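Notes to accompany the following structure.
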Amino acid sequence: MSEKKKFTLEYEVHSSPKILFSFLNEPNGLAQWFADDVKYKEQVYSFQWDGEEHRAKLTSIKENKLVRFKWLDDEPQCYFEMEILQDELTNDVALAITDFAPPEALEERRLIWDNQIQYLISVLGA
């Protein structure tokens, strides 16, 4: 297996940072767009997709700004992060995603994020 590469994606989101943030760090919010089901206990989130569970520890959180998760069964340097960016002049809001994937899976991972974020935007009604 090849070493994973870091990549960043950015999406424009028509939502307030406070509302968007609740969809990034609360289990109920995440379950509406990110995974089939999400449970939380002692800073560890259990994400379920198609009956399979994947666990991640919340390693960083900044209110209405950023969440960073570390998959418990992944390489030490790998994480995924969702950061809310707000332009100071226009107040436009964007969501920046940072993730890691093997080079041969980068395009597929980008498409997965594109689909997930489009779903998030539709859930937000943004």
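The values are calculated or read from the model by the stated rules, or taken from the named source; none is laboratory data. Predicted model only: the values in this text are computed from it and were never measured. Glycine gets a Cβ as well: all are built from the backbone with ideal geometry, and neighbour counts include every protein chain shown.
Could we say that T98 is of a type in the set (V, I, T), assigned to a strand (DSSP E or B) and under 18 Å from I112 (Cβ atoms) here?
Spelling it out, T98 is indeed of a type in the set (V, I, T), assigned to a strand (DSSP E or B) and under 18 Å from I112 (Cβ atoms).
Yes or no: region 99-108 includes at least one residue that is more than 18 Å from V123 (Cα to Cα), surrounded by fewer than 16 Cβ atoms within 10 Å (Cβ to Cβ) and within 12 Å of the chain's Cα centre (by Cα). Within region 99-108, none of the residues are more than 18 Å from V123 (Cα to Cα), surrounded by fewer than 16 Cβ atoms within 10 Å (Cβ to Cβ) and within 12 Å of the chain's Cα centre (by Cα).
Could you tell me which residue of region 7-49 is surrounded by the most Cβ atoms within 10 Å (Cβ to Cβ), considering only residues that are over 28 Å from A105 (Cβ atoms) and touching a residue at least 60 places away in the same chain (Cβ under 8 Å)? Filtering region 7-49 for residues that are over 28 Å from A105 (Cβ atoms) and touching a residue at least 60 places away in the same chain (Cβ under 8 Å), the one surrounded by the most Cβ atoms within 10 Å (Cβ to Cβ) comes out as F21.
Taking the criterion of being touching a residue at least 40 places away in the same chain (Cβ under 8 Å) and either outside any loop (DSSP other than H, G, I, E, B) or among the hydrophobic types (A, V, I, L, M, F, W, C) (or both), the residues of region 83-95 that qualify are I84, L85, Q86, V93, A94, L95. Just one of the listed residues (I112, I117) is free of Cβ contacts under 8 Å to residues at least 40 places away in the same chain and aliphatic (A, V, I, L, M), namely I112.
The numbered conditions (1) of a type outside the set (D, E, K, R); (2) surrounded by 14 or more Cβ atoms within 10 Å (Cβ to Cβ); (3) out of contact with any Lys or Arg (no Cβ under 6 Å at 6 or more places or on another chain) are all true for I84 except (3). Among the conditions (1) over 15 Å from S15 (Cα atoms); (2) at pLDDT 95 or above; (3) surrounded by fewer than 15 Cβ atoms within 10 Å (Cβ to Cβ), the only one that A96 does not satisfy is (1).
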